Amino acid sequence: MDFTFTEEQQAAVEAARAIFSGVEPDGVPSPALTPGAVAEDIDRPLWAQLAAGDLLGLTLAPEHGGAGLDPVALCLVLRESAKVLARVPLLETCAVAMSLQRDGDPDLAAELLPRVGRGELVLTVGANGRTGHDPAELAVTALRDSNGKNDRSSSSDSSDSSVWVLDGVQSGVPWAHSADWIAVPAHTADGRAVLALVHRTAEGVTLAEQVSTSGELLAEVRLDGARIEDRALIDTPGAWEWLRAVLTTGTCALALGLGETALSMTSEYTGKREQFGFPVATFQSVAVQAADRYIDLRAMEVTLWQAAWRISTGTAGALPVAGDIAVAKIWASDGVRRIVQTAQHLHGGFGADTDYPLHRFHAWAKQIELSLGPAAAHEEALGDLLAAHPLG
């Protein structure tokens with residue numbers, strides 16, 4: 001087997017490294033010292049650089065001005081972004097854009113996607129539902145309004161309607177205050193999962209401020225009779241599940257990049273910090289802990305690329321692709337938590353110094369660990385898959 005990346009994928013990594021090399025993790029106030037959000041907007045200068053470097057259109061088709069690469073390439077770039085805690089909705093925008101390109105209305109895709117690639121539009125997605133513990137699509141209803149009126153009591157699902165009415169709540173929506181369009185999973189009267197594209201300023205859409213563990217501004221998105229055109233609703237079977245798979249795998253890439261930087265910072269510090277006349281990195285207990293975390297990183301890496309490869313190629317396996325994604329997220333959630341905990345421990349009191357960036361990596365790691373479900377949730381999902389698809 002050949003596990004090397006293509007020349008195009010490697011070129012994307014090089015372009016990303018060049019752009020992210022100028023990003024400082026300490027570019028906004030510390031979340032440990034800020035009572036609210038650390039900033040009101042995304043890093044717009046960085047967003048413009050990503051657009052200029054053609055990285056926002058990385059996975060878009062050439063007819064939309066993109067490079068036509070796959071989710072593996074996106075994960076490679078996300079890995080680089082997490083190494084510097086880049087404050088941009090790269091995952092959300094690219095994932096929603098791919099979903100629109102794959103399953104959405106062709107005319108709407110042709111209208112929006114070129115602007116996404118140029119950095120003119122920001123996209124995000126509500127994937128947490130009302131509480132973060134139940135399927136996100138159950139938190140919002142999508143009903144056809146066959147009379148063209150806001151009649152939420154109607155359960156009509158007639159095919160000649162051109163308007164959908166949305167009601168419900170999506171909590172913890174990342175970057176929603178900065179986004180132009182929000183992808184909202186919902187369910188229809190007959191229980192089908194669909195994906196609605198809603199403009200942030202549309203009538204019936206309100207945003208309440210929420211703050212993440214990492215200090216970033218999130219939103220509780222409330223939909224009260226919000227109406228969208230028929231073309232803005234993606235009802236292709238499996239569309240929401242595919243988007244969630246890309247989001248979850250991308251989150252694993254973020255965990256890997258963050259973990260690599262945290263371990264590198266720990267290696268550099270313990271190599272310089274001396275006790276009893278020797279660098280603490282030479283102490284057996286320190287070396288063993290660092291080695292364990294290196295093993296975590298390698299497991300996070302191999303399970304990530306397995307999941308990304310399955311999504312990109314559609315290759316069949318012993319389990320559905322959801323199984324590989326669950327394994328990757330289990331390792332990502334548990335691994336990134338262990339890595340930052342060990343990093344804090346081996347840094348001693350210096351790791352808690354708010355003038356040193358390690359505490360930011362710890363906060364971001366906790367946010368990533370729980371995003372799209374903690375390890376326990378994916379262990380349960382994996383158990384269900386194994387029960388339904390016995391191996392051997």
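If you go through the range 349-368 one residue at a time, how many are farther than 15 Å from residue 215 by Cα and either under 17 Å from the mean Cα position of the chain (by Cα) or in contact (Cβ under 8 Å) with a residue 12 or more places away in the chain (or both)? Before you say what the answer is, go through the steps one by one.
So the first thing to find is which residues in the range 349-368 are farther than 15 Å from residue 215 by Cα, and the list is 349-353, 355-356.
After this cut, where a residue has to be either under 17 Å from the mean Cα position of the chain (by Cα) or in contact (Cβ under 8 Å) with a residue 12 or more places away in the chain (or both) as well, the list is 350.
Selection size over the range 349-368: 1.
Would you confirm whether or not the range 94-116 contains a residue that is touching a residue at least 40 places away in the same chain (Cβ under 8 Å) and at positive phi?
Scanning the range 94-116, I find no residue that is touching a residue at least 40 places away in the same chain (Cβ under 8 Å) and at positive phi, so the answer is no.
So that you can scan it fast, the table gives a plain yes or no per residue for (1) of a type in the set (Gly, Ala, Ser); (2) touching a residue at least 24 places away in the same chain (Cβ under 8 Å):
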residue: 267; (1), (2): yes, no
residue: 276; (1), (2): no, no
residue: 291; (1), (2): yes, no
residue: 300; (1), (2): no, yes
residue: 305; (1), (2): no, yes
residue: 308; (1), (2): yes, yes
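Residues checked against (1) in contact with a Ser or Thr (Cβ under 8 Å, 6 or more places away or on another chain); (2) buried (at least 24 other Cβ atoms within 10 Å of the Cβ):
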residue: 230; (1), (2): yes, no
residue: 241; (1), (2): no, no
residue: 244; (1), (2): no, yes
residue: 251; (1), (2): yes, yes
residue: 254; (1), (2): yes, yes
residue: 264; (1), (2): no, no
residue: 267; (1), (2): no, no
residue: 272; (1), (2): no, no
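Does the range 334-357 hold any residues that are over 25 Å from residue 288 (Cβ atoms) and either in a helix (DSSP H, G or I) or not charged (D, E, K, R) (or both), and which are they?
Scanning the range 334-357 gives 354, 357.
Out of all the residues in the range 358-381, which are open to solvent by 30 Å² or more (accessible area, probe 1.4 Å), over 17 Å from residue 344 (Cα atoms) and in a helix (DSSP H, G or I)?
Result: 370, 376, 377, 379, 380, 381.
What are the residues in the range 312-335 that are among the β-branched types (Val, Ile, Thr) and within 20 Å of residue 389 (Cα to Cα), if any? Break it down into steps so the answer makes sense when it comes.
Here is the first cut: in the range 312-335, the residues among the β-branched types (Val, Ile, Thr) are 313, 315, 321, 325, 327, 330.
The answer is 315, 321, 325, 327, 330.
How many residues are out of contact with any Lys or Arg (no Cβ under 9 Å at 6 or more places or on another chain), open to solvent by less than 60 Å² (accessible area, probe 1.4 Å) and either farther than 15 Å from residue 20 by Cβ or assigned to a loop (DSSP other than H, G, I, E, B) (or both) if we restrict to the range 42-54?
Number of matching residues: 1.
Report the residue count in the range 227-243 for those that are outside any helix (DSSP H, G or I) and not acidic (Asp, Glu).
The initial filter retains those residues of the range 227-243 that are outside any helix (DSSP H, G or I), namely 227-229, 233-238.
If we keep only those that are not acidic (Asp, Glu) too, we end up with 227-228, 233-234, 236-238.
Residues meeting the conditions: 7.
Please count how many residues of the range 55-66 are at negative phi and open to solvent by 60 Å² or more (accessible area, probe 1.4 Å).
Step one: list which residues in the range 55-66 are at negative phi, which gives 55-64, 66.
Next, only the ones that are open to solvent by 60 Å² or more (accessible area, probe 1.4 Å) stay: 62-63.
The qualifying residues number 2.
Under the condition of being of a type in the set (A, V, I, L, M) and either under 13 Å from residue 209 (Cβ atoms) or surrounded by fewer than 17 Cβ atoms within 10 Å (Cβ to Cβ) (or both), which residue from the range 24-37 is farthest from the chain's Cα centre (by Cα)?
Residues of the range 24-37 that are of a type in the set (A, V, I, L, M), as a first pass: 28, 32-33, 37.
Applying the additional criterion that residues be either under 13 Å from residue 209 (Cβ atoms) or surrounded by fewer than 17 Cβ atoms within 10 Å (Cβ to Cβ) (or both) yields 32-33, 37.
On the way: 32: 23, 33: 25, 37: 19 Å.
Checked the range 24-37; the qualifying residue farthest from the chain's Cα centre (by Cα) is 33.
Anything in the range 303-321 that is assigned to a helix (DSSP H, G or I) and surrounded by 14 or more Cβ atoms within 10 Å (Cβ to Cβ)? List them, or say none.
Listed by number, the residues that qualify are 303, 304, 305, 306, 307, 308, 309, 310, 311, 312, 321.
So which of 196, 202, 183, 189 is assigned to a strand (DSSP E or B) and farther than 17 Å from residue 116 by Cα? Let's see the steps before the verdict.
Values: 202 fails: assigned to a strand (DSSP E or B); 183 fails: farther than 17 Å from residue 116 by Cα; 189 fails: assigned to a strand (DSSP E or B).
196 is the lone residue from the list that is assigned to a strand (DSSP E or B) and farther than 17 Å from residue 116 by Cα.
When the range 230-279 is examined, which residues are found to be of a type in the set (Gly, Ala, Ser), closer than 30 Å to residue 105 by Cα and out of contact with any helix residue (DSSP H, G or I) (no Cβ under 6 Å at 6 or more places or on another chain)? Break it down stepwise before answering.
Going residue by residue through the range 230-279, those that are of a type in the set (Gly, Ala, Ser) are 232, 238-239, 245, 250, 253, 255, 257, 259, 262, 264, 267, 271, 277.
From what's left, closer than 30 Å to residue 105 by Cα: 232, 238-239, 245, 250, 253.
Those that are of a type in the set (Gly, Ala, Ser), closer than 30 Å to residue 105 by Cα and out of contact with any helix residue (DSSP H, G or I) (no Cβ under 6 Å at 6 or more places or on another chain): 232, 238.
Do you know which residues across the range 99-134 are part of a helix (DSSP H, G or I), open to solvent by 10 Å² or more (accessible area, probe 1.4 Å) and within 20 Å of residue 237 (Cβ to Cβ)?
Scanning the range 99-134 gives 101, 102, 103, 106.
Can you name the residue in the range 1-23 that is part of a loop (DSSP other than H, G, I, E, B) and out of contact with any Ser or Thr (no Cβ under 9 Å at 6 or more places or on another chain) and, of all such residues, is surrounded by the fewest Cβ atoms within 10 Å (Cβ to Cβ)? Explain how you work it out, then say what you get.
The first filter runs over the range 1-23 and keeps only residues part of a loop (DSSP other than H, G, I, E, B), leaving 1-6, 21-23.
Those left that are additionally out of contact with any Ser or Thr (no Cβ under 9 Å at 6 or more places or on another chain): 1-6, 21-22.
Details: 1: 2, 2: 4, 3: 7, 4: 7, 5: 15, 6: 12, 21: 10, 22: 10.
For the range 1-23, the residue satisfying everything is 1.
In the range 323-346, what residues are among the polar types (S, T, N, Q), touching a residue at least 24 places away in the same chain (Cβ under 8 Å) and surrounded by fewer than 24 Cβ atoms within 10 Å (Cβ to Cβ)? Full working, then the answer.
Narrowing the range 323-346 to residues among the polar types (S, T, N, Q): 333, 341-342, 344.
Restricting the remaining residues to those that are touching a residue at least 24 places away in the same chain (Cβ under 8 Å) gives 333, 342.
Across the range 323-346, the qualifying residue is only 342.
The values are calculated or read from the model by the stated rules, or taken from the named source; none is laboratory data. This structure is a prediction, so every number in the text was calculated from the model and none was measured. Backbone-built Cβ (ideal geometry, glycine too); neighbour counts: all protein chains shown. For accessibility, only protein heavy atoms count, side chains too; no ligands or nucleic acids. Shrake-Rupley method; radii C 1.70, N 1.55, O 1.52, S 1.80 Å.
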